[in-house]
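Reviewing the structure listed below.
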Amino acid sequence: MTSIAFETDTPDPIAYLDRLAATELGRSYKKRMLDELDVRPGQTVLDLGCGPGTDLGALAEAAGTTGTVIGVDHDRAAVDAAAARTAGQHTIDVRLGDVHDLPLPDGAADRARTDRVLQHVADPARALREIRRALRPGGRLVMGEPDWGTLTVDHPESSLSHAFTRYVTEKAVHNSRIGSRLPRLAVEAGFAVPAVIPITPVFRDAQAADKVIGLERVTRRAVAAGYFTPEAAQRWLDHLANGTFFAAVTFYIVMAEA
């Protein structure tokens with residue numbers, strides 16, 4: 001059997017976001033988020049943590065020629081990429097800003113979305129309060145986040161699977177359990193939460209999973225952090241590359257109303 005070659009170098013952040021968005025999984029969950037957001041023509045829509053502008057065009061199409069889409073990101077390179085990609089689209093405005101302190105007045109927007117952003121921010125509760133402030137009464141926020149505690153990667157040595165998930169949840173992702181905590185945090189921030197939609201992608205192909213999870217890259221960091229011995233890590237990766245592969249993680253789409 002031919003071994004799978006896992007990625008060893010960390011991909012460029014913009015290239016990684018583009019790559020995930022182009023997968024069947026990315027297209028599917030993003031469409032579901034857009035459907036739940038229910039953007040109407042003429043509305044003002046916030047894409048918070050907009051990255052290189054992957055979703056700004058779809059939001060602008062939904063908001064129509066009389067609407068406005070405001071993309072906000074804290075990363076200058078991402079903002080520059082998003083601005084370049086949307087140049088000439090007069091309904092799209094891309095801004096450098098922090099989700100904890102949005103460059104917007106109270107009640108400025110009708111709709112807002114965050115897509116795999118809150119797992120990385122310093123203070124999700126504060127960010128949600130700030131989004132609530134920026135939305136008008138009756139406005140809607142749709143969030144999509146994984147709960148990395150649900151990550152399952154099958155392996156004959158279950159202790160190795162457990163070690164990998166422990167590293168991801170304890171060290172690799174700042175707010176690793178955010179997906180399942182979002183409903184509570186949103187209510188505490190002043191939102192109503194009428195719907196929570198779980199999506200559990202299943203990976204049967206190791207290379208496809210690697211492009212999302214970074215199996216070897218994350219394992220090597222877990223070795224450095226003491227979660228695996230080098231020998232155990234090699235057994236783990238050898239089976240993932242050569243054996244029957246299965247992995248799954250649950251992603252939550254949470255609808256919140258101001």
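The values are calculated or read from the model by the stated rules, or taken from the named source; none is laboratory data. Fair warning: this is a prediction, and the values are worked out from it, not measured in the lab. Backbone-built Cβ (ideal geometry, glycine too); neighbour counts: all protein chains shown.
Okay, here's what the table says:
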| read-out | value |
| --- | --- |
| Residue list for region 201-216, restricted to those being assigned to a helix (DSSP H, G or I) and not aliphatic (A, V, I, L, M) | 207, 210, 211, 216 |
| Residue check for residue 219: β-branched (Val, Ile, Thr), closer than 30 Å to residue 47 by Cβ, modelled with pLDDT of 95 or more and assigned to a helix (DSSP H, G or I) | no |
| Yes/no for residue 252 being crowded, with 18+ Cβ neighbours inside 10 Å and touching a strand residue (DSSP E or B) at 6+ places or on another chain (Cβ under 6 Å) | yes |
| Top-ranked residue in region 117-154 [being touching an Asp or Glu at 6+ places or on another chain (Cβ under 6 Å) and not in a strand (DSSP E or B); ranked as farthest from residue 39 (Cα to Cα)] | 119 |
| Residues within region 174-200 that are part of a loop (DSSP other than H, G, I, E, B), touching a strand residue (DSSP E or B) at 6+ places or on another chain (Cβ under 7 Å) and buried (at least 16 other Cβ atoms within 10 Å of the Cβ), tallied | 3 |
| Counted residues, region 101-128 - those being of a type outside the set (A, V, I, L, M, F, W, C), buried (at least 17 other Cβ atoms within 10 Å of the Cβ) and over 18 Å from residue 64 (Cα atoms) | 5 |
| Residue match in region 245-257 (condition: β-branched (Val, Ile, Thr) and more than 17 Å from the chain's Cα centre (by Cα)) | no |
| Test: residue in region 226-247 that is in a helix (DSSP H, G or I) and closer than 30 Å to residue 50 by Cβ | no |
| Qualifying positions in region 218-234 - out of contact with any Pro (no Cβ under 9 Å at 6 or more places or on another chain), surrounded by fewer than 21 Cβ atoms within 10 Å (Cβ to Cβ) and at negative phi | 218, 220, 221, 224, 225, 229, 230, 231, 232, 233, 234 |
| Cβ pairs under 8 Å, 6+ apart, first in region 152-167 and more than 21 Å from residue 201 (Cα to Cα) and of a type in the set (Asp, Glu), second assigned to a loop (DSSP other than H, G, I, E, B) and at pLDDT 95 or above | none |
| Residue check, residue 91 exposed (fewer than 13 other Cβ atoms within 10 Å of the Cβ) and over 30 Å from residue 205 (Cβ atoms) | no |
| Selected residue (only one of 99, 94, 121, 117 is in contact (Cβ under 8 Å) with a residue 24 or more places away in the chain and farther than 21 Å from residue 188 by Cα) | 94 |
| Options 97, 51, 42, 88; residue that is of a type outside the set (Asp, Glu), in contact with a Ser or Thr (Cβ under 6 Å, 6 or more places away or on another chain) and over 19 Å from residue 255 (Cα atoms) | 42 |
